[in-house]
Each structure stands twice: as structure tokens, then as C-alpha cells.
Amino acid sequence: MKFNLFWISLIVIAVSFPSICFSEQPDGRVWEFLGKDGGGSFWYYNKTNLTRSSDIVSVWTFMTVTGDVRKKMIKRFIKHNIKYQNFDHLKSFNEIDCRKKLIKEIEFTDYDDQGNVLDKYIYNKSGWNGIVSGSVFEKLYQKVCITQEKPIKKK
């Protein structure tokens, strides 16, 4: 009986307070699912706002913060700022060099479970990094550089 009561209570909490259990899910009309990373976070990219300049594609990504990743990030950030106790997701702006298969992060913004900005970072001199085989960023590379179903906006 105690076992059933536990599960019923857990379900009631999850239904009543989904932000405790689940990160915000992005709008499917704008964000396309890329995959799940090794830490359990889900990644999406903005399929409606891609731009190309020569071999460089600019793209926004959205990462839900879930499970152990959420706990680790909250533990790391809460030392600096109590507002990170409700850290939920982040959006980042990246450039991908399609010819060289490189990626560069330009900026990212952390959000809480209510969609409020926790912090924003803009890199002035971010360097290019190789895209790791099998990673979420390789899937992003394949989506925006290799298999372009729709033409993207030119800068």
C-alpha cells in the first residue's frame, strides 16, 4: 500500500507542478529536435531562422536542462547566484563553418522555469572548434549544412 501511495503522490506532483519535473519544451513550429546528449539534455535548433554567409551558417540552439545535468549545473551556479535554483534551459547562437566542419559559439542565455533570463554571455573572441563525430553538434551540422530541405536566408 505504501508503494502505491508513493507512486500516486509522485504522479500528482508531476501533473500539478510540471516545471519541477520537466524542462520547458520549445515550440515545434520553430524548433526542430536534434537529439539527446550524454547528460540527458534534449537539443533543438531554430529551423525558421537560419542565415548563410558564404560557407558559414548562423543558427540558434535550445537545450533543456534535465536530470543529473540540472543538478550539477544548479550546484555549480548557485554558489554565484541564488536565481539558478530554477535553471531550466538555455538558448545559444552559433556559427558553423560548413566547409571546414567547425563550430563557434557566439552567445548563450540561461533561463529559469518561468522563461526569465538568468544570465547572458556574449563571446568577443570565441574560437572555432571541431565538430565531434556522433555529437549533437554533428547532427546540427548535418541538418543545416548537408541536408537543407529549404533554402536558408542569405545575409
- line: Residues in segment 10-35 that are modelled with pLDDT under 90 and not in a loop (DSSP other than H, G, I, E, B) total 11
query: Given (1) at pLDDT 85 or above; (2) part of a loop (DSSP other than H, G, I, E, B), where does residue 39 come up short, assuming only one miss?
result: (1)
query: Picking from 127, 134, which residue would you name as being assigned to a loop (DSSP other than H, G, I, E, B), touching a Lys or Arg at 6+ places or on another chain (Cβ under 8 Å) and either surrounded by fewer than 16 Cβ atoms within 10 Å (Cβ to Cβ) or at pLDDT below 90 (or both)?
result: 127
- request: Report yes if some residue within segment 51-66 is assigned to a loop (DSSP other than H, G, I, E, B) and acidic (Asp, Glu); otherwise report no.
  value: yes
task: Considering only residues that are farther than 19 Å from residue 129 by Cβ and free of Cβ contacts under 8 Å to residues at least 24 places away in the same chain, look in segment 81-111 and name the one that is surrounded by the most Cβ atoms within 10 Å (Cβ to Cβ).
output: 109
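The values are calculated or read from the model by the stated rules, or taken from the named source; none is laboratory data. All figures in this text were calculated on a predicted structure; none of them were measured in a lab. As a convention, Cβ positions derive from the backbone with ideal geometry for all residues, glycine included, and neighbour counts pool all protein chains shown.
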